[in-house]
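Some notes on the structure that comes next.
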Amino acid sequence: MKLKDKILLGYSLSLALVVLVEIWGINSLRPLGKASEAILQENYNSILAAENTIDAIERQDSAILLFLLENSSRGRQQFRQNQIKFLKWLGRAEGNVTITGEAEIIADIEATYREYLKAFSQLQRDNSPTTEDYYQTILPLFDQIRDRCTKLRIINQETMEAASANAQEVSSQAILSMSL
């Protein structure tokens, strides 16, 4: 075998090895990208649901105050509209449970929300409801629901950040192993 053929064979083997490592690297990183995208999307959907439940419960609370301030029909109407929104987004959160503890938070939100609805029904049945009735019965329930929805958002944000950091670390390790 001539020297020229030996050099050509050596370069060919080196090139084949580089191509093989590149193919291995691409195949290793592709599933990582898809997995992290799925995790981030799931957590983003839960964050969006939590944000919208917070918005809906705050609007319902405003509707109750409107009801108490002598515009009862408009207050009831706004309450019902936002009740539908709240339940829609809570259902989406319930259908997207991906984190330990998330189901318990959602169950707690549901239970407290049922109490909130009962309290508003009772307030509507009273002959002359006052803001004091609101402060004693409805406001504490509202605060609990909003706090739980905020907690739901926070645990999803933290999980999303952790998943992103983990994906970056795995990616860095894959790049390092490919470089070696």
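Quick one: accessible area per residue over the chain, 1.4 Å probe, rounded to a whole number of Å²? Please list the in-between numbers first.
Working: 11500 Å² over 180 residues.
Solvent-accessible surface per residue comes out at 64 Å².
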Of 14-22, 106-114, ordering from highest average Cβ density within 10 Å down gives 106-114, 14-22
Quote the relative contact order of the chain in percent (integer), defining contacts as alpha-carbon pairs under 8 Å separated by 6+ residues. 33 percent
Just to be sure I follow the rule: in the chain, considering lysines 8 or more places apart or on different chains, how many pairs have Cα atoms under 20 Å apart? 4
Which value in deg cm²/dmol, rounded to the nearest 500, describes the helix-derived mean residue ellipticity at 222 nm for the chain, given -39,500 (n - 2.57) per DSSP H run of n ≥ 4 and division by the residue count? -31500 deg cm²/dmol
Ignoring ligands, DNA and RNA, please state the percent of accessible area on the chain from carbon and sulfur, probe 1.4 Å. 55 percent
LYS85-THR131 FRET efficiency (beta carbon distance; Förster radius 30 Å; 0.05 resolution): 0.75
First check a/c for the range 71-121, with a ≥ b ≥ c the square roots of the eigenvalues of its C-alpha gyration tensor; if it is under 1.5, answer rounded, and if not, answer prolate when a/b is larger than b/c or oblate otherwise. oblate
Span from the the range 1-23 Cα centroid across to the the range 82-130 one, whole angstrom: 67 Å
If you take the beta carbon distance between VAL170 and ALA103 as r and set R0 to 30 Å, what does 1/(1 + (r/R0)^6) give as a FRET efficiency, to the nearest 0.05? 0.60
Ranked from highest to lowest mean number of other Cβ atoms within 10 Å per residue, what is the order of the peptides 44-54, 123-133? 44-54, 123-133
Using 0.36 nm per residue, how much length does the chain from ARG74 to SER14 gain when fully extended, once their Cα-Cα distance is taken away? 13.9 nm
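About its Cα centre, what dipole magnitude does the range 51-113 give when the only charges are +1 on Lys and Arg Cβ and -1 on Asp and Glu Cβ, stated in debye to the nearest 20?
460 debye
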May I ask you to compute the full-extension gain from GLU115 to LYS4, defined as 0.36 nm times their residue separation minus their alpha-carbon distance, rounded to one decimal in nm? 31.3 nm
Sort the following peptides by mean Cβ neighbour count (other Cβ atoms within 10 Å, averaged over residues), highest first: 79-90, 55-66, 154-165. 55-66, 79-90, 154-165
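The values are calculated or read from the model by the stated rules, or taken from the named source; none is laboratory data. Because the structure is a prediction, the values reported are computed rather than measured. Neighbour counts run over all protein chains shown; Cβ positions are idealised from the backbone, glycine included. SASA here: full protein model, heavy atoms, side chains in, ligands and nucleic acids out. Shrake-Rupley method; radii C 1.70, N 1.55, O 1.52, S 1.80 Å.
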